1. Restricting the first residue to region 1-12 and requiring it to be among the acidic types (D, E), which pairs with a second residue that is part of a loop (DSSP other than H, G, I, E, B) and crowded, with 23+ Cβ neighbours inside 10 Å meet a Cβ separation below 9 Å and a spacing of at least six or different chains?
2. So which of A60, A103 is in a helix (DSSP H, G or I), more than 15 Å from A142 (Cβ to Cβ) and modelled with pLDDT under 95?
3. What are the pairs, 6+ residues apart or on separate chains, where a residue within region 128-143 that is within 10 Å of V12 (Cα to Cα) has its Cβ under 6 Å from a residue that is part of a helix (DSSP H, G or I)?
4. For residues that are acidic (D, E) and within 20 Å of F135 (Cα to Cα), scanning just region 1-54, find the one that is surrounded by the most Cβ atoms within 10 Å (Cβ to Cβ).
5. Yes or no: D73 modelled with pLDDT under 95, within 25 Å of T97 (Cα to Cα), surrounded by 19 or more Cβ atoms within 10 Å (Cβ to Cβ) and not β-branched (V, I, T)?
6. Identify all residues within region 27-48 that are closer than 22 Å to D78 by Cα and part of a loop (DSSP other than H, G, I, E, B); write none if there are none.
7. Just a yes or no: is a residue in region 37-51 at pLDDT below 90 and touching a strand residue (DSSP E or B) at 6+ places or on another chain (Cβ under 9 Å)?
8. For region 79-91, what are the residues that are in a loop (DSSP other than H, G, I, E, B), surrounded by 20 or more Cβ atoms within 10 Å (Cβ to Cβ) and free of Cβ contacts under 8 Å to residues at least 60 places away in the same chain?
Amino acid sequence: MRVLVDADACPVKDEIYRVAIRHGVPVVVVSNSGMRLPGHPLVTQMMVSDGFDAADDWIAGEASASALVITGDILLADRCLKAGAAVLAHNGRPFTTSSIGAAIATRAIMADLRAGGDVIPGGAAPFSKVDRSRFLQALDTALVKLRRP
């Protein structure tokens, strides 16, 4: 069992380290640049090339039923779910096989609107303390669930 982190834009890396270490679960931080990591043997980094989707390709290739993937990338989440992994977004929302289709469709609609020059008001809400708290709870729950045979 291990946690695979799509780390380049992940706002909850410190939380992942803390919870995973408490559970004794290895964490692999995947990025295309060096990152400061805690000095703990359970936390390692996989530095990939800066090629397009290199981090996503590595994570998807390593995803399995014994992995928990942390990402905000909907298409990567889909690839990991197909490989049998559990997937959490940075705000604690789980991606599931029943929810991923709607997320992909919404992503495609928004991309079409932007490409057509439509102004989309708002955008994503700022990352909040509630999001962080929800993520911590979801991460703890997911790790407990993965440990069950």
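1. What qualifies is D6/T71.
2. Values: A60 fails: modelled with pLDDT under 95.
Going through A60, A103 in turn, just one is in a helix (DSSP H, G or I), more than 15 Å from A142 (Cβ to Cβ) and modelled with pLDDT under 95: A103.
3. L136/E15
4. Taking region 1-54 as the starting set, the residues that turn out to be acidic (D, E) are 6, 8, 14-15, 50, 53.
Those still in the list that are within 20 Å of F135 (Cα to Cα) too: 6, 8, 14-15.
Numbers: D6: 23, D8: 15, D14: 11, E15: 19.
Only one residue tops the list, namely D6.
5. On the way: modelled with pLDDT under 95: yes; within 25 Å of T97 (Cα to Cα): yes; surrounded by 19 or more Cβ atoms within 10 Å (Cβ to Cβ): yes; not β-branched (V, I, T): yes.
Criteria met by D73.
6. Passing the criteria: N32, V48.
7. Among the residues of region 37-51, not one is at pLDDT below 90 and touching a strand residue (DSSP E or B) at 6+ places or on another chain (Cβ under 9 Å), which makes the answer no.
8. Just the residues of region 79-91 that are in a loop (DSSP other than H, G, I, E, B), to begin with: 83-85, 89-91.
Restricting the remaining residues to those that are surrounded by 20 or more Cβ atoms within 10 Å (Cβ to Cβ) gives 85, 89-90.
Passing the criteria: only A89.
The values are calculated or read from the model by the stated rules, or taken from the named source; none is laboratory data. Predicted, not measured: the structure shown is a model, and the values here were computed from it. Neighbour counts run over all protein chains shown; Cβ positions are idealised from the backbone, glycine included.
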